[in-house]
Structures are given as C-alpha cells and as structure tokens.
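Just so you know, all these numbers are worked out from the coordinates, no wet-lab data involved. Every value quoted in this text rests on a predicted model; they were computed, and no experiment measured them. Positions of Cβ are backbone-derived with ideal geometry, glycine not excepted, and every protein chain shown enters the neighbour counts.
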Amino acid sequence: MIALWLAYVIIINMKEIKTNAMRRLDKAHIAYETLYYDIDDEDFNAKAIAEKLGIDYASSYKTLALKHEQELFLFVIPADHELDLKKSAKEAGVKNLAMIKVKDLMKEVGFERGNVSPLGVLKKHQVFFDRECLKHDQIIISGAKKGISLRVDRQALIDYLQAKIGDICHD
C-alpha cells in the first residue's frame, strides 16, 4: 500500500516537471502529449515502458547515441528493434560507428541510460529515424527524464530536428 502511494506521489510530482525536450517542443509550437509512467530500475527499457504505457512497440521509439571519432549521432528506432551499426554508418556517411558507453552517456550526451531524447540534447547533432516511423502519424519518444514520455506528430518532429529517415535496423 505504501509503495502504491509513493508511486502515486512520484507521478503527481512529475506532472510539474518541464524537461528540455518539452521546452523545445513548446518553443517550436509543436503539440505533444505527456505520458507518465512508473518503472523499477531493473525493468527500465523501451519495451517495458511501452508495456507500462499500454502502447505497441512499433510506435514507441528509443534514442541511441553513437560516435564516429568526435562526431555524435542520434538514432531513433522502434522499441523492439536493434540498431544495425553497418547500415547506420552508411546512412550517416561515415566508415564506422560505436555506441557511447553507458558510463560516458552523461558526459557525452547529458543524459543517463534510458533518458536520451532526440529533443533533449542541447548541442545540435544529426538525427536519424528508422524508416518504420513512416508507418505512424504519431510516435512516442523519451521525454528526457525517467518517468516521462512524449507522444508527438512524427513529421513535425522530423522536420523540426531536420532528421533523416533511413534503413538503420536489423531486418
């Protein structure tokens, strides 16, 4: 009973939070819906969040940060897909890419694991969406804070980010 009450209090307090991702959408006049969830750290992944929110994996997206030398790239893929590094490097026009290590995410991107959002990163980086996003008018992305996801118009988001769409996931 106490755990349920604490989860309720946490979610109520989250509703008062404005993340950088939300601020950027507000500034760009892009409508979004804020979705709140409560999840344990050991279950914290894109598929589990989609399940908590009661949405299908196909419209729920995770953002992965990768590097080529000193250049950072963000790849946004469906929650139940895996990024293909060779395809992603080809789309980015580089020879190879490496995932940023979890321990380096905060220093490199400004977020902890699971909180990376294509909107929350303060420096401008090239963003790539997997072509599967074209099947959905709206997609769910990280709100740049654990417990917050955002439902946003796919095309408005891609236009705003000047993102590219490509074949970046394993078949």
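Figures for the structure shown
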| item | result |
| --- | --- |
| Selected from E42, E108, E132 as most flexible by GNM, with the chain as the system and alpha-carbon contacts under 10 Å | E42 |
| Protection proxy ranking, peptides 139-146, 55-62, 17-24, 30-37, average beta carbon neighbours within 10 Å, highest first | 139-146, 55-62, 17-24, 30-37 |
| Unit Cα scatterers, Debye sum, the stretch 18-166: log10 I(q)/I(0) for q = 0.17, 0.19, 0.21 Å⁻¹ | -0.93, -1.20, -1.49 |
| Phi to ³J(HN,Hα) by Karplus 6.51 cos²θ - 1.76 cosθ + 1.60 over the stretch 32-40, Hz, x for Gly, Pro | 8, 10, 8, 10, 10, 8, 10, 8, 6 |
| Set of aspartates and glutamates near K145 by C-alpha distance (under 18 Å), chain-local residues within fewer than 8 positions excluded | E16, D26, E33, D38, D40, D41, E42, D43, E51, D104, E108, E112 |
| Check: the stretch 18-166 dipole with +1 on Lys, Arg Cβ and -1 on Asp, Glu Cβ, in debye | 640 debye |
| Helix runs (DSSP H) in the chain reaching 20 Å along axis by Cα, Kyte-Doolittle at least 0.5 | none |
| Beta bridge orientation in the chain: antiparallel %, DSSP, nearest 5 | 75 percent |
